[in-house]
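Each reported figure results from applying straightforward, stated rules to the coordinates on display, with no laboratory input. Computed from a prediction, not measured in an experiment: that's the story for all the values here. When we count neighbours, we look across all protein chains shown, and the Cβ atoms used for this are built from the backbone with ideal geometry, even at glycine.
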Amino acid sequence: MYEKVWNQTKIAFGGDYNPEQWPEEVWDEDMRLFRLAHVDTVTLNVFSWASLQPSEDTYDFAKLDKIMECVTKNGLKVVLATSTGAHPAWMARKYPEILMTDYNGMKRKFGGRHNSCPNSFVYRKYSSRLAAKLAERYGHYKNIVAWHISNEYGGGGECYCENCEKAFRKWLEKKYGTISELNRVWNTSFWGHTFYDWDEIVLPNVLSEQFGDGRTMFQGISLDYRRFHSDSLLECYILEYDAIKAITPDIPITTNLMGFFTGLDYGKWAKHMDFVSWDNYPSNDMLPAEIAMGHEIMRGVGSGRPFILMEQTPSVTNWLPYNALKRPGVMRLWSYQAIAHGSDSVMFFQMRRSIGACEKYHGALIDHAGHEHTRVFREMAELGAELAALGGEVIGSRIEARAAVLFDWDNWWAVEYSAGPSCMLHYLDEARNYYKALFAQNIPVDIIGCSDDFSKYSVIFAPILYMVKPGVDTRLCEFVKAGGRFVTTYFSGYVDEHDLVVTGGYPGKLRELLGIWVEESDALPEGASNHFTWEGCRYEARLLCDLLHLEGAEALAFYEEDFYADMPVLTRNTYGSGSAWYVAAQSEEAFYEKLTEKICADAGVRPVPVIAPRGVEATVRTREDAAYLFLLNHTMQEQTVFVREDATVLSDGTPVAAGSSITLPKYGVAILKQPRQANNVIGLSGI
Ligand code: GLA
Ligand code: ZN
């Protein structure tokens, strides 16, 4: 049977609802409006700790009881949050240890949210206690479909307080056992940093190890601090998770992630979540590919299972310099885009716009006008009706991709903390370059982590695989030996998991697989470029240009300028039944498209079977009984798409024969369905 996030009968539709901010008379009106908009799921209780626990010894659930009764009576499903994303003011006053200390060493006062030190004993005690109390009190409600722990962990930044410093030392001791091992992995003989006692270790912040511009002096220390901090927050999450699970073992538990959020190792976090949920807030200038990539990583950390789009804005946000309206049709288009990439929900922040504080101008289903006669309400209600009509279609289906982009948080941190070789070197940028090229061709892609199973893919792109963690090199070799195509780039294979350089020549442990040796790397300033010609087209080489020697690989293209003209810039090494490619510089869009197209075609990895103009995205989700083809027109013009397989239009069953076309209006969406039998792997699902 296909896997559902919870016992869903349809795509969940609704979002964050804060009735506690409103007099009770308003609630009935909310219920009427929810019915009009086809809202079926609400996320409650995200920031109510202060009212649920008015003092250390008292809890007061009276209001939440009423809210639960109200939404239950009205047939709504509930994602019940634990409210621990912001602590009460009394707690901060009584226990200042709960307050965070910034990177610059400044102790915070009460205020904001995501404001608790993750290593505060008081925070851990009272947050898990609150979670348990909520589970005890509300666990019997049949309409609670999921628990939502805290909110956007890490959103308040990292804590650099004394509690954290002490906990960091313990974390290190547990990890490294001896101080001499710690000195080794941090390379402390540099700048006389040798530690003789765990208590000599200090936090890597402005007051200690800052190098400037986000870089640090000892990447090993900073890297471990990131890992430690991500683990500290994860421990807080797990405390609540365990407290709830013990009481309601059958209700799935999640917390809302944030896509490519750098602060937490989501690859690790997702392993502790019953399902992944996330908040998608693209800024005005984000491209469809970039938005899609956010969904991809969230599906990826969840091992490909469907996820929940927990939040998006119906129209505006409140935190951009220019909070532009989502143009008519865009909210619908982006909602289907989330589904097209694996979401089994369309949920929003928020249901009713608050009247005070910093989110009073953030978009909502119900605007300050207070009624249904608004553009945003109309658009949401129409989408709500469409999703209701889909019923159980799509739910539980998955994306079957044979191409993957490798993305790893430790690697991200290590690249970003490194002083040198270029201030323009950003891991996510290069990962995006490869992803965008695959996206442009509608080639299904998974974004996977280092510990995922490589064998289900035919091609793996691993841009800037700077850090090669233990075993990853061997697994990549096995993957290629068995026929896989592996592609990596400049600034790969340099270091081990401690950010210690692997000596003997770059790309370290990947050297044999790639059949090359990189001797030097030239950082070009912004705007500067070298060039190369490959298969008749000339491309730019930018950012970092590796000077490399062949050790078995063949050169496919050469630099054309500078003193390293005629040295290889693109190589391919045949290894076992597969091949390992090396791209020695950053290049341009046309190159990435050509390269990914060629490698995928060689590997038999095909795009979604449609002929679509640029700007029209196509994805396929499949399950045992059906394949669903999503066509999304991201352009402001009408577009025509030719379909290569027989299918029917999901919404009305109209047949669409292979070879015929579908016209999509500006920002239009179409979903086609192809029935599928268990052993039928041709057609839409035969990607
Ligand atoms: C985040 C939070 C919400 C809300 C929105 C506003 O996603 O989880 O509580 O603040 O941002 O964009
Ligand atoms: Zn702290």
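Quick notes
- Cα-Cα P(r), the chain, percent of pairs per 10 Å interval: 3, 14, 23, 25, 20, 11, 3, 0
- Placing pseudo-labels 7 Å out from each Cα toward the beta carbon at Trp517 and Ile611 gives an inter-label distance of 5.1 nm.
- Tensor-based shape of the range 403-602 (alpha-carbon gyration tensor, a/c under 1.5 rounded, otherwise prolate or oblate): rounded
- Summed residue charge, Cβ within 11 Å of Leu333's Cβ, Lys/Arg positive, Asp/Glu negative: +2
- Residues listed by number, the range 419-437, amide nitrogen under 17 Å from Arg215 label point at 7 Å toward C-beta: 419-428
- Given +1 at the Cβ of Lys and Arg, -1 at the Cβ of Asp and Glu and no other charges, the dipole of the range 476-572 around its Cα centre is 420 debye to the nearest 20.
- Inter-site label distance for Arg398 and Thr474 at 7 Å from Cα along Cβ, in nm: 2.6
- Considering helices alone, the calculated mean residue ellipticity of the chain at 222 nm is -9000 deg cm²/dmol, with DSSP H runs of length four and up weighted by -39500 (n - 2.57) and normalised per residue.
- Inter-label distance, nm, simple model (7 Å from Cα along the C-beta direction), Tyr103/Lys598: 4.0
- Exposed-loop-free span, longest in the chain, where trypsin sites (Lys or Arg not before Pro) count as exposed if DSSP calls them loop and at most 10 other C-beta atoms lie within 10 Å: 143-613
- The count of lysine pairs in the range 403-602 whose Cα atoms are under 24 Å apart, excluding pairs fewer than 8 places apart on the same chain, comes to 12.
- Cross-link partners for Lys673 among the lysines, with Cα-Cα distance under 22 Å and sequence neighbours closer than 8 places in the same chain left out: Lys4, Lys10.
- Segment His549..Ser660, full-extension length gain: 34.9 nm, with 0.36 nm per residue of separation and the alpha-carbon distance subtracted.
- Of the chymotrypsin sites (Phe, Trp or Tyr not before Pro) found in the range 1-34, the ones in coil according to DSSP and having at most 14 other Cβ atoms within 10 Å of their Cβ are Tyr2.
- Sites Ala482 and Asp28 - FRET efficiency at Förster radius 60 Å, r taken between beta-carbons, to 0.05: 0.45
- Charge dipole of the range 397-460 about the Cα centre (unit charges at C-beta), most positive-ward option of Ile443, Ala419, Tyr457: Ile443
- Local electrostatic count, Gln586, Cβ distance below 9 Å [Lys/Arg +1, Asp/Glu -1]: -3
- Dipole check for the chain: with +1 at the C-beta of Lys and Arg, -1 at the C-beta of Asp and Glu, and the Cα centre as origin, the magnitude is about 1760 Debye.
- Cα principal axis extents for the range 281-389, largest first, Å: 42, 36, 22
- Extension gain, Lys271 back to Asp496 (0.36 nm per residue minus Cα-Cα distance, nm): 78.7 nm
- Förster radius 25 Å - calculated FRET efficiency between Ser451 and Lys174, Cβ distance, rounded to 0.05: 0.75
- Antiparallel bridges, percent of DSSP beta bridges restricted to the chain (to nearest 5): 60
- Only Lys, Arg (+1) and Asp, Glu (-1) charged, at Cβ; the range 409-521 dipole about Cα centre in debye: 400
- One decimal place: the segment Ala419-Glu69 gains 120.4 nm when fully extended, by the rule 0.36 nm per residue minus the C-alpha distance.
- Net charge in the neighbourhood of Trp171 (other residues with Cβ under 9 Å of its Cβ; Lys, Arg +1, Asp, Glu -1) is +2.
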